[in-house]
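A.B. asks: Attaching a single structure in structure tokens format; questions to follow.
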Amino acid sequence: MAEVKKENWFKRTWGKIAKYFRELRSELKKVVWPTPQQVLKNAAIVVGCVIAIGIFIWLFDFVAQVGIDALISVFH
């Protein structure tokens, strides 16, 4: 029976890395990149949502603090 010689570890590893980057490049060609206007619009929506949620959390925290202070003053 003939002995099959394994390929060098470095060659195998380098081949896998090269294949990964070839496939990565081909996949990135398929991506539909957003226009700068779309990026600005989406960023504005995200910032607006973060501000709105921050205000909601601040209001909830304020109301809860007032309620807890009222309860403490009633039972103290």
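A.B. asks: So which residues in region 31-44 are more than 18 Å from the chain's Cα centre (by Cα) and either at pLDDT below 95 or among the β-branched types (Val, Ile, Thr) (or both)?
C.D. replies: 32, 35, listed by residue number.
A.B. asks: Exactly one condition in (1) under 22 Å from the mean Cα position of the chain (by Cα); (2) surrounded by 10 or more Cβ atoms within 10 Å (Cβ to Cβ) is false for residue 20; which is it?
C.D. replies: Of the numbered conditions (1) under 22 Å from the mean Cα position of the chain (by Cα); (2) surrounded by 10 or more Cβ atoms within 10 Å (Cβ to Cβ), the odd one out for residue 20 is (1).
Table: residues versus (1) open to solvent by less than 100 Å² (accessible area, probe 1.4 Å); (2) polar (S, T, N, Q).
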{"residue": "26", "(1), (2)": "yes, yes"}
{"residue": "33", "(1), (2)": "no, no"}
{"residue": "39", "(1), (2)": "yes, no"}
{"residue": "43", "(1), (2)": "yes, no"}
{"residue": "48", "(1), (2)": "yes, no"}
{"residue": "52", "(1), (2)": "yes, no"}
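A.B. asks: Report whether or not residue 10 is within 30 Å of the chain's Cα centre (by Cα) and either assigned to a helix (DSSP H, G or I) or free of Cβ contacts under 8 Å to residues at least 40 places away in the same chain (or both).
C.D. replies: Criteria not met by residue 10.
The values are calculated or read from the model by the stated rules, or taken from the named source; none is laboratory data. Every value quoted in this text rests on a predicted model; they were computed, and no experiment measured them. Neighbour counts run over all protein chains shown; Cβ positions are idealised from the backbone, glycine included. These accessible areas exclude ligands, DNA and RNA; they are computed on the full protein's heavy atoms, side chains included. Shrake-Rupley method; radii C 1.70, N 1.55, O 1.52, S 1.80 Å.
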